[in-house]
1. Only residues that are surrounded by 15 or more Cβ atoms within 10 Å (Cβ to Cβ) and either in a strand (DSSP E or B) or hydrophobic (A, V, I, L, M, F, W, C) (or both): list them for region 243-261, please.
2. Hey, can you tell me all the residues within region 262-276 that are surrounded by fewer than 17 Cβ atoms within 10 Å (Cβ to Cβ) and part of a strand (DSSP E or B)?
3. Are any of the residues in region 228-241 surrounded by 15 or more Cβ atoms within 10 Å (Cβ to Cβ), more than 21 Å from Ala62 (Cβ to Cβ), within 11 Å of the ligand (Cβ to nearest atom) and modelled with pLDDT of 95 or more?
4. Considering each of Phe255, Phe156, Phe209 in turn, give the residue that is under 22 Å from the mean Cα position of the chain (by Cα) and either in the same structural domain as Glu122 (by TED's automatic domain parsing) or aromatic (Phe, Trp, Tyr) (or both).
5. Which of (1) assigned by TED's automatic domain parsing to the domain that holds Trp42; (2) closer than 29 Å to Glu122 by Cβ is the odd one out, the single condition Gly171 does not satisfy?
6. Residues Glu17, Glu104, Glu94: which one is at pLDDT 95 or above and outside the structural domain of Gln158 (by TED's automatic domain parsing)?
7. Which of the residues belonging to region 282-300 are within 9 Å of Thr14 (Cα to Cα) and either acidic (Asp, Glu) or more than 9 Å from the ligand (Cβ to nearest atom) (or both)?
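The values are calculated or read from the model by the stated rules, or taken from the named source; none is laboratory data. The model shown is predicted, which means the values in this text are computed figures rather than measured ones. Neighbour counts are summed over all protein chains in view; Cβ atoms, including those assigned to glycine, are modelled from backbone coordinates with ideal geometry.
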Amino acid sequence: MITILGSGVAGLTTATELMRRGHAVRVIDPAGAPGPHGCSWWAGGMLAPFCEGEISAPEIVARGQIAADWWQAAGAEVHRTGTLVVTLARDRGELDRFARRTEEHVTLDRDGIAGLEPLLAERYDRALFFPGEAHVTPRRALATLRDRLIAQGVTFTQEGTPEGTVVDCRGLAARDRLPGLRGVRGEMAVLRAPDVTLSRPIRLLHPRFPLYIVPRGDGVFMLGATQIEAGGRGPARLRSVVELLNAAYALHPAFAEAEVLELGADARPAFADNIPRAFRQDGRIHVNGLFRHGFLMSPALALAAADLIEENA
Ligand SMILES: Cc1cc2nc3c(=O)[nH]c(=O)nc-3n(C[C@H](O)[C@H](O)[C@H](O)COP(=O)(O)OP(=O)(O)OC[C@H]3O[C@@H](n4cnc5c(N)ncnc54)[C@H](O)[C@@H]3O)c2cc1C
């Protein structure tokens, strides 16, 4: 028996991978079903290994490339629409810098942008397109994994004594055993903007307020995300919300009339080097430090955690 502590994206992907390999699994999470108590609830769900290469270690780029296929095989709806990266004319240097630091992109002119996102061709004459990137809707993807696990016989309980091998996927709550773990605050907003017709994740490069927008369908968009060291958990702060909404308006004024459906925030669990890992320590396997790469990196970590368990069997 393998007991997984935590049913955020780390716990559910690890449980899915272990079930796929024929192990008996149970999951304990005092909060019950996925919800606003965990970091995974607020994520954009971008599976964007190449864009993340701008600020991330090469292993994030390399290991993140399995994510879209893994999520699809696990039953999640994966949108393989690529990512479009733009910048305001005055920040053109940002686009050049981003292009130098990343791979697997093509440069588009206004006509190229019009072919993908006609709304943006009015305002932008140059963009980078990353065709190999994808995204999921996190809350739906988590529900899909959980429902499938339950259908396969995995029990989810809110309390209980861990049995057998313990895989600790408690996110930031694992700081009691992993003192090196820190929280990096992220804030997000959800808007309904029926006049905005964007069909793929858009990143607006900005020296102070970088923004991404992920379409959720039916005119709904997720806006993210701030990245604040030592910001703690708790509700979104006014300054962050102002910056996010200003950046959306700067991306395109069609957002001006958007309804603000939701504001959210949590602290991303991260190690000092911001690299997620699965490792054995003090009799447990830990899957943690997912930082801003929870949906991108959890498949690779789930594979690594399952390998660790099988090495010791
Ligand atoms: C605004 C924002 C946007 C983001 N966007 C993206 C994105 O686009 N792409 C991406 O890949 N990542 C993104 N991330 C990062 C991603 O959300 C995190 O890396 C990921 O959710 C961390 O998952 P986790 O399972 O480790 O932690 P959590 O989701 O926090 O899950 C931990 C779980 O452990 C449970 N728990 C707590 N205590 C115990 C206990 N004692 N026993 C058992 N269970 C316990 C909690 O209830 C919780 O359900 C974003 C994060 C934020 C905040």
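1. Leu244, Leu245, Ala247, Ala248, Ala250, Leu251, Ala254, Phe255, Ala258, listed by residue number.
2. If the condition is that a residue be surrounded by fewer than 17 Cβ atoms within 10 Å (Cβ to Cβ) and part of a strand (DSSP E or B), then Glu262 is the only one that fits.
3. Step one: filter region 228-241 for residues surrounded by 15 or more Cβ atoms within 10 Å (Cβ to Cβ), giving 228, 231, 236-237, 240-241.
Within this subset, residues satisfying the condition of being more than 21 Å from Ala62 (Cβ to Cβ) are 228, 231, 236-237, 240-241.
Filter again for within 11 Å of the ligand (Cβ to nearest atom), leaving 228, 231, 236, 240.
Those left that are additionally modelled with pLDDT of 95 or more: none.
No; the residues of region 228-241 include none that is surrounded by 15 or more Cβ atoms within 10 Å (Cβ to Cβ), more than 21 Å from Ala62 (Cβ to Cβ), within 11 Å of the ligand (Cβ to nearest atom) and modelled with pLDDT of 95 or more.
4. Just a single option satisfies the conditions, and that option is Phe209.
5. Unmet for Gly171, out of (1) assigned by TED's automatic domain parsing to the domain that holds Trp42; (2) closer than 29 Å to Glu122 by Cβ: (2).
6. Glu104
7. Once the filter is applied, which keeps residues that are within 9 Å of Thr14 (Cα to Cα) and either acidic (Asp, Glu) or more than 9 Å from the ligand (Cβ to nearest atom) (or both), region 282-300 yields only Pro299.
Condition check ((1) touching a strand residue (DSSP E or B) at 6+ places or on another chain (Cβ under 7 Å); (2) within 30 Å of Arg284 (Cα to Cα); (3) touching a residue at least 40 places away in the same chain (Cβ under 8 Å)) across all residues:
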{"residue": "Leu119", "(1), (2), (3)": "no, no, yes"}
{"residue": "Leu145", "(1), (2), (3)": "no, yes, yes"}
{"residue": "Gln152", "(1), (2), (3)": "no, yes, yes"}
{"residue": "Thr157", "(1), (2), (3)": "yes, yes, yes"}
{"residue": "Thr165", "(1), (2), (3)": "yes, yes, yes"}
